[in-house]
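Worksheet for the structure shown next.
Just so it is clear, none of the values below were taken in a lab; they were calculated from the coordinates. Everything numeric here is computed off the predicted structure, so don't read it as measured data. Neighbour counts are summed over all protein chains in view; Cβ atoms, including those assigned to glycine, are modelled from backbone coordinates with ideal geometry.
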Amino acid sequence: MSWEPTRRDLLKVAAAGGAMYLAAGCGGPAARSAGPALISPGCRTSKVRVAKLYMGKPKAHWPLPTMDLKEEMGRYEAQFARMQNEFRDVEFVTNDLITAPEQVTALKDKLAAADGVLIIHLSMGIVPMLKEALAAGKPTVLFAAPYSGHEWTGYGAMRKQKEGALLECMLTGDMAQLAVAVRPFRAIHHLREAKILNVTTRNFDAFAAAVKQKFGTQIVQVSRERVLAGYNAVPDADAEAETRRWISGAQKVVEPSRDEIYKSCKLALALEKIVNEEGATVITVDCYGSMWRQLPAYPCISHSRMNSMGLGGVCESDLRSCMTHVMLQGLCGKPSFVSDPTVDAAAGGIILAHCMGTPGMDGPDKPFAPYRLRCVMERQEGAVPQVFMRIGQRVTQAELIDTARIIFFTGTIIDTPDVPRGCRTKITVKVDGCLEKLWQNWSHGLHRQTCYGDLRDDLRRLCRFTAIELIDEAAEPPPAPPAPAPAPAKKA
């Protein structure tokens with residue numbers, strides 16, 4: 001009988017700092033964390049700070065003049081309590097009922113310290129309070145259920161003005177969307193707290209400086225010598241145990257020798273120790289560049305393992321993909337998959353392929369996907385997990401191409417090709433929008449990051465709050481306006 005760990009189990013073990021291993025469900029490899037507990041997938045340091053403000057006027061006509069605002073606030077608070085698992089990494093720095101603008105003014109310092117402001121619209125008459133909250137200049141999401149009031153008619157116009165530049169609105173009766181509302185705040189927090197390790201000899205100072213200034217993200221170089229020292233320090237017994245877990249969890253081992261898998265697992269343990277020592281959440285290795293055959297093994301098992309643990313392992317020292325990984329994981333708590341795409345118009349989709357696959361694409365507290373242990377296809381050496389993702393799953397592909405633009409598209413997995421071409425792990429994605437437009441306008445290199453879920457709206461909110469242009473690579477251009485009708489011919 002297999003035991004499937006919950007997220008709470010994973011974090012308890014991580015906090016213990018021992019050598020305990022958790023057997024993941026569905027035959028997945030064990031996840032080991034000897035470092036400090038993760039507050040949420042992708043974040044070690046601190047909780048997301050959200051200012052929660054309920055806004056209403058006593059005896060307002062809508063939704064009901066006899067409505068008790070405190071009682072209505074209590075109804076929402078009960079919903080937050082029911083959804084406490086969705087907010088386990090959130091600290092509400094305020095939780096106040098606001099009935100006048102000066103009450104917002106009194107909270108100025110708390111608003112300034114928040115990652116974002118969540119406003120819940122209770123009744124008519126909140127516009128002066130809302131404007132005072134927006135004056136704090138913080139990313140703000142306003143949740144307005146039906147019958148809250150008539151103010152929604154002006155929200156669209158307000159968002160076009162300078163005062164509403166950081167305002168997003170959710171007009172819905174679905175209270176589950178309260179958890180969705182804080183996702184962009186979480187991503188902003190993760191980006192600011194993130195520390196990315198880059199095992200390379202190449203210079204990346206310009207990119208590191210740009211993302212540090214824009215998002216607060218820190219990128220640190222790690223030397224080959226430090227990795228080798230860490231590798232040599234890993235006890236043989238630990239590397240052997242990790243090897244057994246990966247082999248026993250696989251559907252089968254095809255090409256790699258046991259020794260190759262052992263070296264890959266030993267490297268994975270060494271890289272994890274460095275990540276923990278640095279308090280980092282993401283590591284990338286220049287495996288096809290300055291680290292080509294400079295390390296004892298390929299880092300593929302390490303990256304797969306990191307991703308499945310709620311951290312991040314990204315291929316080929318791709319720092320843009322590292323940043324995208326942090327963003328996507330912040331939005332949905334799930335890792336992303338680096339890919340080199342190829343198009344199959346006959347199947348109506350794009351094939352996203354890379355040898356390194358991640359079994360834990362659903363997140364660290366969910367069952368793992370089946371995998372096989374293979375060699376790197378184009379090199380015919382090394383050990384990598386060939387992962388079979390879920391057909392029918394909605395996915396988002398994105399890449400931060402600079403600090404001002406994100407390109408993305410969404411779609412659905414329609415196939416997981418298992419053919420001896422390209423890379424080992426492959427998914428065919430039926431694209432939302434126009435496949436021809438996608439490939440004809442492809443730019444900025446091969447790599448995209450693929451994450452489970454349709455994150456279109458989450459990305460849109462995040463980009464609004466961070467002044468990033470969001471570009472749908474597969475969007476159809478709007479239709480041209482009809483040509484004016486020809487003027488009637490004049491009579492002779």
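Structure summary
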read-out	value
Packing-based ranking, highest mean first, of 450-458, 332-340 given that Cβ atoms within 10 Å are counted	332-340, 450-458
MRE, 222 nm, helices only [DSSP H, n ≥ 4, -39500 (n - 2.57), over the chain, to nearest 500]	-10000 deg cm²/dmol
Ranked by how many other beta carbons lie within 10 Å on average, peptides 132-143, 461-472, 55-66 from highest	132-143, 461-472, 55-66
Extension gain, Lys59 back to Thr172 (0.36 nm per residue minus Cα-Cα distance, nm)	38.4 nm
Length gained when the stretch Ser443-Ala483 is fully extended (0.36 nm per residue, less Cα-Cα span)	11.1 nm
Under 20 Å from the Cα of Lys430 - aspartates and glutamates, other chains or at least 8 residues apart	Asp340, Asp344, Asp362, Glu399, Asp415, Asp418, Asp454, Asp457, Asp472, Glu473, Glu476
Proximal lysines to Lys131, defined as alpha-carbon separation beneath 18 angstrom and excluding residues fewer than eight positions away on the same chain	Lys52, Lys57, Lys108, Lys110, Lys160, Lys162
Pair Glu102, Ala179: separation of 7 Å Cα→Cβ label points (nm)	4.0 nm
Only Lys, Arg (+1) and Asp, Glu (-1) charged, at Cβ; the chain dipole about Cα centre in debye	420 debye
Lysines whose Cα lies under 22 Å from that of Lys195, excluding same-chain neighbours fewer than 8 positions away	Lys47, Lys212, Lys214, Lys273, Lys334
Kirkwood Rh in Å, taken over all unlike Cα pairs in segment 342-475	15.7 Å
Gained length - Thr45 relative to Val253, 0.36 nm times residue gap less alpha-carbon distance	71.1 nm
